[in-house]
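Below is one structure; the comments refer to it alone.
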Amino acid sequence: MSANLAEKSVRVLVVEDEAIVARDIQDQLRTLGYVVSGHATRGEDAVAQVQQARPDLVLMDIQLAGAMDGIAAAHAIRELTHCSVPIVFLTAFDADDTLARAKLTEPFGYILKPFSERELSTTIAMALYKHEAEIRLRNTTRELKALSRRVLEVQELERRRVAVELHDEL
């Protein structure tokens, strides 16, 4: 892991209902230099922990105990945070219908179990990079809109000034 990510102390929420798998993922994350901000076994708990802990990234299993699966939880998190928390799916399921549902939540990654530490590291690094790029793009877009509004305001003021001058001269 790069020193830049370690300096940031990236906090990761692990959403996995199998205790042994969850512990293994948490150990891998710590080895890679990430901070495990929490662990949830149900989709509803994941949504609540995102609200409370404000993790930098969520690793989400798709098949979870409870009424809300990982895809539904990811959708709820996106609605709740307005896309501010990247989600990476970890799953043993690669069925087309599952993948199609998962795509609708616009995840930042999709890792099939079993996975290697290197695959986990690379996917998280890319997800965090993509998330930062999206934040920069949103900020730039916001700045361009503000600048555009200001240009229109200045143009309108100039039109009024010219109209007043023409009126006064006549």
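Summary table below
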quantity: Correct choice for semi-axes √(5λ) of the Cα gyration tensor in Å that was computed from the model, options (i) 42, 28, 14; (ii) 45, 18, 14; (iii) 41, 23, 12; calculated: (ii)
quantity: Those aspartates and glutamates that a straight Cα-Cα span of less than 19 Å connects to residue 145, excepting residues fewer than 8 apart in one chain; calculated: 134, 153, 156
quantity: Inter-probe distance in nm under a simple model that places probes 7 Å from Cα toward Cβ, at residue 20 and residue 96; calculated: 3.4 nm
quantity: Rounded accessible area per residue of the range 1-149, 1.4 Å, Å²; calculated: 55 Å²
quantity: Ellipticity estimate at 222 nm from DSSP helix runs (n ≥ 4, -39,500 (n - 2.57)) divided over the chain, nearest 500; calculated: -20500 deg cm²/dmol
quantity: Calculated FRET efficiency for the pair residue 54/residue 130, C-beta based, R₀ 22 Å, to 0.05; calculated: 0.70
quantity: Gaussian network model of the chain, Cα within-10 Å springs - most flexible of 133, 125, 74; calculated: 133
quantity: Percent accessible area from carbon and sulfur atoms, the range 119-159, protein chains only, probe 1.4 Å; calculated: 61 percent
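The values are calculated or read from the model by the stated rules, or taken from the named source; none is laboratory data. Remember, predicted model here, so these are calculated numbers, not experimental data. Heads up, the Cβs are rebuilt from the backbone with ideal geometry, glycines too, and the neighbour counts pull from every protein chain shown. Ligands, DNA and RNA are stripped out before the accessible areas are found, and what is left, the full protein with its side chains, is counted by its heavy atoms. Shrake-Rupley method; radii C 1.70, N 1.55, O 1.52, S 1.80 Å.
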